[in-house]
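> Okay, here's the structure, questions in a sec.
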Amino acid sequence: MTAPVQVGLPQTSGGPAPALSPAQKRMLVLITEGHDQEQIAYILRTSPVTVWRQIKKMREAFGALNHAQLVHLAYQAGVLEAPPKHRHGDHAGYAAHLYRREKPCEACRAGEREYRARRRTNRKTVALNTA
């Protein structure tokens, strides 16, 4: 029988959360946005190995077993700010208003117009490239 594994910051430490560099914080934010390590490397203009090493260091500092737990512990420690409850100013915000049977706010209407314009442009580009 094995001993239980402790996850997260030690309960007896009582100290501050691990200090992260600005690049590490940016990586955490990109993880919360759903990017994988290769996408993060591309966005930050670094190698995937560097991203992998930095994320590994962060996981060790927080005592996390995986990315999801790393993000959760970073929120708990106050390293990351909690995301807003409702999105505004984009397609998802517009859809959320409609789902809640509300009149969409002006920012969400503008975001929806931009979203639809991008979709039209992408469809035209694909049509031109395939023809």
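The values are calculated or read from the model by the stated rules, or taken from the named source; none is laboratory data. Keep in mind it's a predicted model, so treat the numbers as computed, not measured. Reconstructed Cβ throughout: ideal geometry from the backbone, glycine too, with neighbour counts over all protein chains shown. Note: areas computed on protein heavy atoms with side chains; ligands, DNA, RNA excluded. Shrake-Rupley method; radii C 1.70, N 1.55, O 1.52, S 1.80 Å.
> Please enumerate the residues belonging to the range 76-93 that are in contact with a His (Cβ under 9 Å, 6 or more places away or on another chain) and either open to solvent by less than 50 Å² (accessible area, probe 1.4 Å) or at pLDDT 85 or above (or both).
G93
> Return the only residue of L20, L44 being of a type outside the set (G, A, S), over 12 Å from the mean Cα position of the chain (by Cα) and open to solvent by 50 Å² or more (accessible area, probe 1.4 Å).
That would be L44, the only listed residue that is of a type outside the set (G, A, S), over 12 Å from the mean Cα position of the chain (by Cα) and open to solvent by 50 Å² or more (accessible area, probe 1.4 Å).
> Out of all the residues in the range 97-122, which are charged (D, E, K, R) and open to solvent by less than 100 Å² (accessible area, probe 1.4 Å)?
Let us first name the residues in the range 97-122 that are charged (D, E, K, R), namely 100-103, 106, 109, 112-114, 116, 118-120.
Once the filter is applied, which keeps residues that are charged (D, E, K, R) and open to solvent by less than 100 Å² (accessible area, probe 1.4 Å), the range 97-122 yields R100, E102, R109, E112.
> Okay, next question. Looking at this structure, is P4 exposed (fewer than 14 other Cβ atoms within 10 Å of the Cβ), at pLDDT 85 or above, more than 12 Å from the chain's Cα centre (by Cα) and not small (G, A, S)?
Working: exposed (fewer than 14 other Cβ atoms within 10 Å of the Cβ): yes; at pLDDT 85 or above: no; more than 12 Å from the chain's Cα centre (by Cα): yes; not small (G, A, S): yes.
No, not satisfied.
> Moving on to the next point. Is it true that A64 is modelled with pLDDT of 90 or more, of a type in the set (G, A, S) and either more than 25 Å from I31 (Cα to Cα) or under 23 Å from the mean Cα position of the chain (by Cα) (or both)? Show your work before the answer.
Details: modelled with pLDDT of 90 or more: yes; of a type in the set (G, A, S): yes; either more than 25 Å from I31 (Cα to Cα) or under 23 Å from the mean Cα position of the chain (by Cα) (or both): yes.
So A64 passes the test.
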